[in-house]
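Structure first, commentary second.
The values are calculated or read from the model by the stated rules, or taken from the named source; none is laboratory data. For clarity, every value in this text was computed on a predicted model and none was experimentally measured. Every residue, glycine as well, gets a Cβ built from its backbone with ideal geometry; the counts of neighbours run over all protein chains shown.
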Amino acid sequence: MADTTTTGTGARGGVPPRRAGWRSIGPGIVVAATGVGAGDLVATLIAGGRFGYTLLWAAVIGCLVKISLAEAVGRWHLATGRTLFDGWRSLGSWTTVYFAGYVVVWGFVYGAAAMSSSALPLAALFPGTLDLKAWAVLCGLVGLVFVWFNRYAAFEKVMTVLVGVMFAVTVYLAVRVTPHLGAAVAGLVPVLPEGSLVYTLGLIGGVGGTITLAAYGYWVNAKGWRDTGWMKVMRLDNRVAYLTTGVFVVAMLFVGAELLHSSGIALARGDRGLLDLGTVLAQTYGDTTAKLFLIGFFATSFTSLIGVWHGVSLMFADFVGKLRPSLVPEGRSAEKSLPFRAYLLWLTFPPVSLLFLDQPFGLVVVYGVIGALFMPFLALTLVWLLNSARTPAEWRSGAVSNGMLGAAGLLFVLLCVQQLRDLPW
């Protein structure tokens with residue numbers, strides 16, 4: 001069977017450090033940055049704008065859910081020496097059929113969405129230079145070239161820098177709006193205001209919860225972590241990642257609660273809501289703060305773009321390599337393989353057509369259905385894999401892990417039902 005991962009900077013002799021330290025982390029930062037997109041931040045801002053600090057508890061629980069899911073993915077890769085798709089395939093051919101449909105349709109639509117999201121802040125920062133569609137195509141091409149010619153080590157470094165920008169901007173904004181800490185602490189008590197159920201489910205399940213959670217194990221292997229000796233390092237890496245995500249979410253909830261809720265300002269849904277926020281920031285705090293925010297908006301969007309371009313392409317290379325091993329030869333880097341680069345091209349060029357056309361109705365429905373099903377699919381198959389003989393007994397899920405994964409599965413089923421009900425049938 002082809003080895004569809006790469007050896008990165010963490011491999012150095014394949015010997016894990018005696019102590020897990022800050023210098024060891026990397027894949028977690030990548031998965032957190034990729035999973036938190038502009039749309040997630042808008043959802044958090046809207047929740048803060050509508051309900052103030054009341055749903056802060058939901059954001060915290062959401063981070064704990066993602067920690068459990070990513071830890072389970074990483075534990076599967078390290079404990080079994082097999083990739084996640086290899087595990088899915090062992091559950092039956094239905095998983096192959098679902099993943100094949102998902103990765104093709106999802107990639108086509110997501111490619112256009114990621115390019116547009118990255119283009120919005122650039123068009124606002126440099127008005128009158130290029131139109132939005134041209135910026136979007138340029139972002140897609142830059143992502144393509146960067147991932148095509150760089151391997152995991154360079155990719156991780158760039159992602160870390162962009163995460164630093166995201167972190168600095170979001171914390172600055174949270175401090176600038178002067179949060180009421182007493183109200184924030186009160187928001188840690190679980191309460192469901194009238195009309196808040198959808199927003200609560202979205203905060204718990206939406207932020208940082210995408211196919212990139214499944215890509216975490218591939219980045220763990222790409223870092224050079226390949227066996228249970230790296231388990232402690234992986235767990236530290238994962239916790240740091242989702243604590244970072246928690247800071248992003250809490251900071252944006254603070255901004256929503258203080259800047260929007262108190263003023264009764266409503267943002268547009270989707271990525272354009274962040275442009276609305278930029279306008280509000282310019283009016284309230286001046287152009288410098290607004291421009292800093294737009295830089296953070298770009299970092300948030302572009303990390304999601306290049307993260308998907310790299311991580312999901314690794315997953316696709318593994319998918320193809322399991323079915324056609326000759327296409328991903330043993331010992332060859334997946335990042336240089338034909339399937340990896342083919343999926344990169346698929347993410348970049350066909351979606352350009354969607355930038356110039358309204359998304360076809362049928363495609364929107366299919367995309368919505370398979371997208372809504374993915375997170376329940378991930379959570380429930382992880383429960384199955386990590387409680388079976390496929391996983392060595394020492395590393396199977398215990399009561400806490402099973403409880404978190406089971407709760408995540410139930411949550412994502414509820415979100416799935418809600419998303420399917422909201423589709424334009």
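Could you list, in sequence order, the residues of region 336-349 that are of a type outside the set (Lys, Arg) and in contact with a helix residue (DSSP H, G or I) (Cβ under 7 Å, 6 or more places away or on another chain)? If you could, list the steps in order and put the result at the bottom.
To start, the set of residues in region 336-349 that are of a type outside the set (Lys, Arg) comprises 337-340, 342-349.
Result: 337, 338, 339, 340, 343, 344, 346, 347, 348.
For the condition at pLDDT below 90 and aromatic (Phe, Trp, Tyr), what is the one hit in 199, 172?
Numbers: 172 fails: at pLDDT below 90.
From the options 199, 172, the qualifying one is 199.
Which one of 63, 139 is within 21 Å of residue 298 (Cα to Cα) and either modelled with pLDDT of 95 or more or buried (at least 22 other Cβ atoms within 10 Å of the Cβ) (or both)? Give the steps one after another, and end with the answer.
Details: 63 fails: within 21 Å of residue 298 (Cα to Cα).
139 is the lone residue from the list that is within 21 Å of residue 298 (Cα to Cα) and either modelled with pLDDT of 95 or more or buried (at least 22 other Cβ atoms within 10 Å of the Cβ) (or both).
Residue 111: within 15 Å of the chain's Cα centre (by Cα) and modelled with pLDDT of 90 or more, yes or no?
Working: within 15 Å of the chain's Cα centre (by Cα): yes; modelled with pLDDT of 90 or more: yes.
Yes.
Which one of 8, 13 is more than 15 Å from residue 163 (Cβ to Cβ), assigned to a helix (DSSP H, G or I) and modelled with pLDDT under 80? Explain how you work it out, then say what you get.
On the way: 8 fails: assigned to a helix (DSSP H, G or I).
Every option except 13 fails the conditions.
When the residues of region 82-98 are narrowed to those that are surrounded by fewer than 22 Cβ atoms within 10 Å (Cβ to Cβ), in contact with a helix residue (DSSP H, G or I) (Cβ under 9 Å, 6 or more places away or on another chain) and not charged (D, E, K, R), which ends up nearest to residue 194 (Cα to Cα)?
We begin by selecting, within region 82-98, every residue surrounded by fewer than 22 Cβ atoms within 10 Å (Cβ to Cβ); these are 82, 86, 89-98.
Applying the additional criterion that residues be in contact with a helix residue (DSSP H, G or I) (Cβ under 9 Å, 6 or more places away or on another chain) yields 82, 86, 89-91, 95-96, 98.
Among the residues that remain, those that are also not charged (D, E, K, R) are: 90-91, 95-96, 98.
On the way: 90: 44, 91: 41, 95: 39, 96: 41, 98: 37 Å.
Out of the qualifying residues, it is 98.
I'd like to verify a number: residues in region 280-311 that are closer than 19 Å to residue 259 by Cα and touching a Pro at 6+ places or on another chain (Cβ under 7 Å), how many?
Number satisfying all stated conditions: 2.
Only one of (1) in contact (Cβ under 8 Å) with a residue 24 or more places away in the chain; (2) in a helix (DSSP H, G or I) is not met by residue 350, so which one is it?
Every listed condition holds for residue 350 apart from (2).
Tell me, please, whether a residue that is modelled with pLDDT under 85 and within 30 Å of residue 145 (Cα to Cα) can be found in region 371-390.
Going through region 371-390, the residues modelled with pLDDT under 85 turn out to be 371-373.
Of the ones still in play, those that are also within 30 Å of residue 145 (Cα to Cα) are 371.
Yes, region 371-390 contains a residue that is modelled with pLDDT under 85 and within 30 Å of residue 145 (Cα to Cα).
Taking region 148-161 as the search range and keeping residues that are within 22 Å of residue 295 (Cβ to Cβ) and touching a residue at least 60 places away in the same chain (Cβ under 8 Å), which one is surrounded by the most Cβ atoms within 10 Å (Cβ to Cβ)?
Going through region 148-161, the residues within 22 Å of residue 295 (Cβ to Cβ) turn out to be 154-161.
Now restrict to residues that are touching a residue at least 60 places away in the same chain (Cβ under 8 Å): 155-156, 158-160.
Numbers: 155: 23, 156: 23, 158: 15, 159: 25, 160: 15.
By that ranking, first place goes to 159.
Check off (1) at pLDDT 90 or above; (2) crowded, with 17+ Cβ neighbours inside 10 Å for residue 164 and give me the number that stays unchecked.
Here residue 164 clears every test but (2).
Would you be able to say whether some residue in region 137-154 is part of a loop (DSSP other than H, G, I, E, B), of a type in the set (D, E, K, R), in contact with a helix residue (DSSP H, G or I) (Cβ under 8 Å, 6 or more places away or on another chain) and closer than 25 Å to residue 337 by Cα?
Yes, the conditions are met somewhere in region 137-154.
Among the residues of region 178-205, how many are in a loop (DSSP other than H, G, I, E, B) and buried (at least 24 other Cβ atoms within 10 Å of the Cβ)?
Narrowing region 178-205 to residues in a loop (DSSP other than H, G, I, E, B): 178-180, 187-196.
Next, from what is left, pick out any that are buried (at least 24 other Cβ atoms within 10 Å of the Cβ): 187.
Total satisfying the criteria: 1.
So the check is Cβ under 7 Å with 6+ separation or different chains; which pairs have a first residue in region 64-81 that's in contact (Cβ under 8 Å) with a residue 24 or more places away in the chain and a second one that's surrounded by fewer than 24 Cβ atoms within 10 Å (Cβ to Cβ) and of a type in the set (Asp, Glu)?
That search, which allows pairs on different chains as well, returns 78/227; 81/227.
Out of the residues in region 283-332 meeting the condition of being buried (at least 18 other Cβ atoms within 10 Å of the Cβ) and of a type in the set (S, T, N, Q), tell me which one is nearest to the chain's Cα centre (by Cα). Even if it seems obvious, please write down each step before you answer.
Pass one, region 283-332, residues buried (at least 18 other Cβ atoms within 10 Å of the Cβ): 290, 292-294, 296-322, 328.
Cutting the leftovers down to of a type in the set (S, T, N, Q) gives us 300-301, 303-304, 313.
On the way: 300: 10, 301: 11, 303: 9, 304: 7, 313: 14 Å.
Among those residues, the one meeting the criterion is 304.
So which of 152, 199, 172 ends up being of a type outside the set (A, V, I, L, M), within 20 Å of the chain's Cα centre (by Cα) and within 22 Å of residue 39 (Cβ to Cβ)? Before you say what the answer is, go through the steps one by one.
Working: 152 fails: within 22 Å of residue 39 (Cβ to Cβ); 172 fails: within 20 Å of the chain's Cα centre (by Cα).
After ruling out the rest, the residue left standing is 199.
For residue 252, are the conditions met, namely being of a type outside the set (Lys, Arg), in a helix (DSSP H, G or I), buried (at least 22 other Cβ atoms within 10 Å of the Cβ) and over 17 Å from the mean Cα position of the chain (by Cα)? If you could, list the steps in order and put the result at the bottom.
On the way: of a type outside the set (Lys, Arg): yes; in a helix (DSSP H, G or I): yes; buried (at least 22 other Cβ atoms within 10 Å of the Cβ): yes; over 17 Å from the mean Cα position of the chain (by Cα): no.
Spelling it out, it is not the case that residue 252 is of a type outside the set (Lys, Arg), in a helix (DSSP H, G or I), buried (at least 22 other Cβ atoms within 10 Å of the Cβ) and over 17 Å from the mean Cα position of the chain (by Cα).
So which residues in region 230-249 are touching a Ser or Thr at 6+ places or on another chain (Cβ under 8 Å) and at pLDDT below 90?
Within region 230-249, the subset touching a Ser or Thr at 6+ places or on another chain (Cβ under 8 Å) is 233, 236-237, 247-249.
Residues satisfying the conditions are 247, 248, 249.
Tally the residues that are surrounded by fewer than 24 Cβ atoms within 10 Å (Cβ to Cβ) and part of a helix (DSSP H, G or I), restricting the search to region 46-60.
4
So if I check each of 199, 218, which one is of a type in the set (Ser, Thr, Tyr) and farther than 11 Å from residue 74 by Cβ? Spell out how you get there, then give the answer.
Numbers: 218 fails: farther than 11 Å from residue 74 by Cβ.
Result: 199 is the single residue among 199, 218 that is of a type in the set (Ser, Thr, Tyr) and farther than 11 Å from residue 74 by Cβ.
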